[in-house]
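Have a look at the structure below, then the notes.
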Amino acid sequence: MARNANREDELWWRASVGNHDINLIMNNDPDSKHFRLETVGAGSLSGMAWELLGRFIADNDYLETISLSTGHYLTDAEMNLFFCGLKNGGAAKEFTLSGNSFGLSGIRSMVPSLCSWNLTNLTIIGSSCINAECFAVLVDALHGGPIETLSFNACNLQNISALEIEIDDTFPHLLAMDCTTEDISRCKLPYLHTLDLDRNNIQNISSLEYYTHLKELYLDGNDIGRDGCM
């Protein structure tokens, strides 16, 4: 039984929702390391169910990847309930949000969990409400962490200046990286090796100047001229 959900909550869940995959997460099944919720499954979730789902994931010791591709069912309200249930729990390494309807409020609800997880992959796809302000909030939450892959594909980013920091805002442990001190001091995401920014509204990528450790960069579908690369 989930540690933070009482017996009545679990009985209600089984009677009202009964999603098999979520039941495995709730039962802390060691063989269930990946969880994906799509539009069909999300349509039956009430506000209470979203919060309980967050609690079940917070209590789970084995879950490594979470994917929420729930369309219009995942709004700011559901995001706040879901992450309220999480309360910094869980230990996901990969988190995917695809085709959802939340915006800045939902993004802000993620911050405590992103700061506590050792996340290596964050993917947000097809979310037109995700703009440069949302991007900045997430980059600040991931600042200095182990994130390796970051994808904001088909969102509404106008700029990516949040990736760059002032020279005096440094982290001593970054000196262990294989790049120059100047590069380290300007990179908020020092371990990032894959950045997918396809299909946004970005015109300037000068903030990537110091990300010399990037191995893969995707910029298709943006309007970046020569001036935007300087």
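The values are calculated or read from the model by the stated rules, or taken from the named source; none is laboratory data. It should be emphasised that the depicted structure is a prediction, and the values quoted were computed from it without experimental measurement. All Cβ positions, even for glycine, are placed from backbone atoms using ideal geometry, and neighbour counts span all protein chains on display. These accessible areas exclude ligands, DNA and RNA; they are computed on the full protein's heavy atoms, side chains included. Shrake-Rupley method; radii C 1.70, N 1.55, O 1.52, S 1.80 Å.
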Inset, instruction - Specify which of the listed residues (SER128, SER109) is farther than 21 Å from GLY41 by Cα and part of a helix (DSSP H, G or I). - result: SER109
Legend entry - Matching residues, the stretch 65-81, being at negative phi and either among the polar types (S, T, N, Q) or open to solvent by 10 Å² or more (accessible area, probe 1.4 Å) (or both): THR65, SER67, SER69, THR70, HIS72, TYR73, THR75, ASP76, ALA77, GLU78, ASN80, LEU81
Legend entry - Residue, nearest to HIS34 (Cα to Cα), within the stretch 98-110, restricted to residues that are modelled with pLDDT of 95 or more and open to solvent by 30 Å² or more (accessible area, probe 1.4 Å): ARG108
Legend entry - Conditions (1) surrounded by fewer than 18 Cβ atoms within 10 Å (Cβ to Cβ); (2) outside any helix (DSSP H, G or I); (3) at pLDDT 95 or above: number failed by ASP168: (3)
Inset, instruction - Examine the stretch 140-153 for a residue that is within 25 Å of MET26 (Cβ to Cβ), assigned to a helix (DSSP H, G or I) and free of Cβ contacts under 8 Å to residues at least 60 places away in the same chain, and state whether such a residue exists. - result: no
Inset, instruction - Kindly provide the set of residues from the stretch 82-97 that are at pLDDT 90 or above and surrounded by fewer than 20 Cβ atoms within 10 Å (Cβ to Cβ), ordered by number. - result: CYS84, LYS93, GLU94, THR96
